[in-house]
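Asks: The structure under discussion is supplied below as structure tokens; questions concerning it will follow.
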Amino acid sequence: MRDQDEQTQQLRHVAIIMDGNGRWARKRGLPRTAGHKRGVEIVKQTVTKARELGLPYLTLFSFSSENWSRPKPEVDELMRLMKTFLRREQEQLFKGNVRVRIIGSPLGEQSDMGAMIRGIEEKTAENTGLQLTVAFNYGGRDEIVRAAKRLAKRVQAGELAPEDISEEHFSHALDTKEIPDPDLLIRTSGEYRISNFLLWQLAYSEFMFLDCNWPEFTPQKFDEAIAAFYARERRYGNVSARSTA
């Protein structure tokens, strides 16, 4: 593996679809909620590992807008775990110089979760280390629709002509406007799909699908995924440099 300075220069942003908590629990004869609880511990390990690597940006898909259709007891447990994580880890993330952003469809202004989200974003807003983005109540198509509405309002207000709308305008209207697109997407659980996650932003990302479930995603597996990333050649539509060498 290349030295750490070289890694962070080339690999700036890793996005992860944390999948397989339920399958991990089922294999062990445990309730699905046990898998989610173990998954939270892996989140902590992953954030710590990202900080050790000097990774500037890490984005985690924690709860999609479609997940509300799951059985109510499971949703309630996921909400409890999210609240517990935000409450218990807020001070640690702040002291660790981690800036936290939550992206997704906004929750009600008066909801407990909404207040906790605003609290951790405000507390860590001035931090300059790892930029941790958590996709919560998030759907890629929904984000694109909301971005289109933002641009439509600007056009309606006379701030922007329709023919002047560019990819840059659209990117700046997305939830992720302040962070670069992911260089690497990792999905655990052996599934080969992106499940409505960062549909615009993943246009030129490298994809890595791992057979392990999320509760099995160790720091070593993170290292292995990064090593595999550096073995690839990113061409962005150009001819391979290797073929012309």
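The values are calculated or read from the model by the stated rules, or taken from the named source; none is laboratory data. Quantities reported herein were computed from a predicted structural model and do not represent experimental measurements. Glycine gets a Cβ as well: all are built from the backbone with ideal geometry, and neighbour counts include every protein chain shown.
Asks: Working carefully through the options SER205, SER189, SER195, find the one that is closer than 18 Å to HIS36 by Cα, among the small types (Gly, Ala, Ser) and surrounded by 13 or more Cβ atoms within 10 Å (Cβ to Cβ).
Replies: Going through SER205, SER189, SER195 in turn, just one is closer than 18 Å to HIS36 by Cα, among the small types (Gly, Ala, Ser) and surrounded by 13 or more Cβ atoms within 10 Å (Cβ to Cβ): SER189.
Asks: Considering PHE170, PHE136, which residue is out of contact with any strand residue (DSSP E or B) (no Cβ under 6 Å at 6 or more places or on another chain), among the aromatic types (Phe, Trp, Tyr) and not in a loop (DSSP other than H, G, I, E, B)?
Replies: PHE170
Asks: While we're here: From LEU93, LEU81, LEU53, grab the single residue that is among the aliphatic types (A, V, I, L, M) and crowded, with 20+ Cβ neighbours inside 10 Å.
Replies: After ruling out the rest, the residue left standing is LEU93.
Asks: I'd like the full set of residues that are part of a helix (DSSP H, G or I) and either touching a helix residue (DSSP H, G or I) at 6+ places or on another chain (Cβ under 6 Å) or modelled with pLDDT under 95 (or both), limited to segment 24-36.
Replies: Those that are part of a helix (DSSP H, G or I) and either touching a helix residue (DSSP H, G or I) at 6+ places or on another chain (Cβ under 6 Å) or modelled with pLDDT under 95 (or both): TRP24, ALA25, ARG32, THR33, ALA34, GLY35, HIS36.
Asks: Those residues that are more than 13 Å from ASN21 (Cβ to Cβ) and either in contact with a helix residue (DSSP H, G or I) (Cβ under 8 Å, 6 or more places away or on another chain) or surrounded by 16 or more Cβ atoms within 10 Å (Cβ to Cβ) (or both), I need them from segment 61-74; list them, please.
Replies: Across segment 61-74, the qualifying residues are SER64, SER65, TRP68, PRO73.
Asks: Name every residue in segment 37-68 that is modelled with pLDDT of 95 or more and acidic (Asp, Glu), in order of residue number.
Replies: Correct list: GLU41, GLU52.
Asks: Name the single residue, out of those in segment 150-163 being without any contact (Cβ under 8 Å) to a residue 12 or more places away in the chain and surrounded by 10 or more Cβ atoms within 10 Å (Cβ to Cβ), that is nearest to ASN196 (Cα to Cα).
Replies: ALA152
Asks: Output the number of the condition that GLU126 fails; it satisfies all remaining conditions of (1) more than 18 Å from the chain's Cα centre (by Cα); (2) in a helix (DSSP H, G or I).
Replies: (2)
Asks: For the subset of segment 195-231 comprising residues that are part of a loop (DSSP other than H, G, I, E, B) and touching a strand residue (DSSP E or B) at 6+ places or on another chain (Cβ under 7 Å), which member is nearest to LYS49 (Cα to Cα)?
Replies: LEU210
Asks: Can you name every residue in segment 176-199 that is at negative phi and touching a Gly at 6+ places or on another chain (Cβ under 7 Å)?
Replies: Once the filter is applied, which keeps residues that are at negative phi and touching a Gly at 6+ places or on another chain (Cβ under 7 Å), segment 176-199 yields THR188, PHE197, LEU199.
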